Each structure stands twice: as structure tokens, then as C-alpha cells.
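The values are calculated or read from the model by the stated rules, or taken from the named source; none is laboratory data. Computed from a predicted structure; not experimentally measured. Heads up, the Cβs are rebuilt from the backbone with ideal geometry, glycines too, and the neighbour counts pull from every protein chain shown. The area values use the complete protein model at the heavy-atom level, side chains included, leaving out ligands, DNA and RNA. Shrake-Rupley method; radii C 1.70, N 1.55, O 1.52, S 1.80 Å.
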Amino acid sequence: MSRDLLKTRMLSGGYRKQNVVHDIDLEIKEGELLGIIGPNGSGKTTLLRLMSRVLIPQSGNTLFLGNDIFRLSPKEFSKKVSFVAQDTLINFPFSVFEVVLLGRIPHLGRLATETKHDLEVARQSLEMTDCLALKEKNINELSAGERQRVMIAKALAQEPVLLFLDEPTSHLDIGHQIQVLDLLKTLNKKNNLTIAVVLHDLNLASEYCDRIILLAEGRIFRYGAAEEVLTYQNIEQVYKTVVVVQKNPITKKPFVLLVSKDKICRQN
């Protein structure tokens, strides 16, 4: 039985003292790939920010390996947990290798310079994400798919045991979406890296995630395996649209088909 790597209890928080998520109880199991889905404004990004110390909760708490995350120093927490935001602006003409090397900051002492070990970890992170050939390129000259893989490499350079990602497939075409999620699944299985990822695409969540959290209006609506969460009743109630849910003929996972209002009206 996998242990709880991270656990929240009655976690609530948001912005300017106004809660966006409310009373969230969840556990992220060691070694799992957890998907977080829900409509726009349901609190997906806010939940990630609360669990990763970016936001301070209004109430409740988050435990990492049994310790309140705010009782850990930022440096100690960053050695174990990394976060890939949806959009990361880099305003300096850094090379890809320099960007990935920034992930080593939590492991460096004050005013210390990178060691051979730090350089090797950065190199290995680039290799794992198939970015080694890009290491000399300017980060701002990359395609969206390349840039996303580099930001994942930077997060891996922290040597985390838990990786948070906020919509890593946004702005990517379907080919690059599959590349990124195949990469995450490989890291999850081969490196035993625990991952919690926000996804908009329900079918990608179904195919890649061990368990799924469906948020609605800042609360957990359903929480479990894809078969339990991605039913047409749940999706129609939360997303306010008509869908058909079938099984993927190859993987047997739930597959969500959209139905336009025009088709429904014609049938009626």
C-alpha cells in the first residue's frame, strides 16, 4: 500500500481574503500520477498553488510526509517539491542549460557556485526530457513544445519526489501534448516520481492519470479512478453540457465525446 506523500485537510484559500477553493480533503499517494480537472474558475490552479506554498491558506493545512508545509523552510521544501507553472516568463537571454541549472538553486549554499554534481544533474535532466540537443539554444527561441520540456527539465533538476504541473499541455498541438504526457508517465513509472497535474482535456486525464479529482465551484465533486469520475452524469452536471462517454477501444479507458446543441435540437 503506497503511503500518503501529501495530504490536505479542510484546505481553503484564494486571493484577497476571498476563498476560491473550500474545505479540500485529499491525499496524493507516493508514486501515483494524479489528475486535477474541472471547468474554468473551479479552483484547479488555486489548489496547486496552495499545495505548493505559493499561496497561504485561509484555513486548513497541507502535510508533506506528515509535516505542515509551512513548518518546512522554503529551501527544504523546494528540495522535495517542484512546480511547473502554466506560463513562465524568462526575460533574459539565458541558454537552455542555464535555465535548467536554475533548478539547482535549492541545493546550493549561500553565494556558492555550481559543482560538477550540479552540472551533471542538469545534464541528466535535459537528457531525461530529450532536450540535451537544445542546451546551447536561447530559451526564447524554442517552440512551445520544446520550451515546456525544458521547464520540466528545470523542475527535475531540483531532484523532487513530488512534481506539480499546471496545464503543461496548454498551447500545444496534439502531437506535443502526447509527447509531454508520455514523458510525465515515463518519469512517473521509471523514476517513481509522484505527479499531480492540472489538465483541461478530459480524455488525456482519462488515459494518463491513476486517479482524478473533479472540481466544481472550488470543491471536490468526485475523486477516484477515471471510470468513477468520468461518467456522463458527472460531466454534464459539472460542465453544463451534453456528452457521450464510451470506452477507448484500445485502452478501455473512458472516452468523452462532445455533442453539439444543434444535434440535440434536431433529434428532438
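Points to keep in mind about this one:
- Single residue of 74, 57, 39, 93 found to be surrounded by fewer than 19 Cβ atoms within 10 Å (Cβ to Cβ) and at pLDDT 95 or above: 39
- Unmet criterion (only one of (1) surrounded by fewer than 17 Cβ atoms within 10 Å (Cβ to Cβ); (2) in contact with a Lys or Arg (Cβ under 9 Å, 6 or more places away or on another chain); (3) of a type in the set (S, T, N, Q)) for residue 246: (2)
- Looking only at residues of segment 162-171 that are open to solvent by 20 Å² or more (accessible area, probe 1.4 Å) and not charged (D, E, K, R), we find that the one that is nearest to residue 54 (Cα to Cα) is 170.
- Among the conditions (1) surrounded by fewer than 19 Cβ atoms within 10 Å (Cβ to Cβ); (2) at pLDDT 95 or above, the only one that residue 144 does not satisfy is (2).
- Of all the residues in segment 73-113, those that are in contact with a helix residue (DSSP H, G or I) (Cβ under 6 Å, 6 or more places away or on another chain) and among the charged types (D, E, K, R) number 3.
- Segment 18-45 residues that are over 16 Å from residue 168 (Cα atoms), paired with ones that are open to solvent by 40 Å² or more (accessible area, probe 1.4 Å) and polar (S, T, N, Q) (beta carbon under 7 Å, 6 or more apart): 19/58; 29/2; 30/2; 31/2; 31/192; 32/2
Condition check ((1) assigned to a loop (DSSP other than H, G, I, E, B); (2) on the phi > 0 side of the Ramachandran plot; (3) surrounded by fewer than 23 Cβ atoms within 10 Å (Cβ to Cβ); (4) at pLDDT below 95) across all residues:
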residue: 160; (1), (2), (3), (4): yes, no, yes, no
residue: 175; (1), (2), (3), (4): no, no, yes, yes
residue: 197; (1), (2), (3), (4): no, no, no, no
residue: 207; (1), (2), (3), (4): no, no, yes, no
residue: 215; (1), (2), (3), (4): no, no, no, no
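- Candidate set: segment 219-238, residues that are within 13 Å of residue 42 (Cβ to Cβ) and in contact with a helix residue (DSSP H, G or I) (Cβ under 6 Å, 6 or more places away or on another chain); chosen: the one surrounded by the fewest Cβ atoms within 10 Å (Cβ to Cβ): 221
Yes/no matrix, rows are residues, columns are (1) of a type in the set (D, E, K, R); (2) outside any helix (DSSP H, G or I):
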{"position": "111", "(1), (2)": "no, yes"}
{"position": "118", "(1), (2)": "yes, no"}
{"position": "126", "(1), (2)": "no, no"}
{"position": "130", "(1), (2)": "yes, yes"}
{"position": "136", "(1), (2)": "yes, yes"}
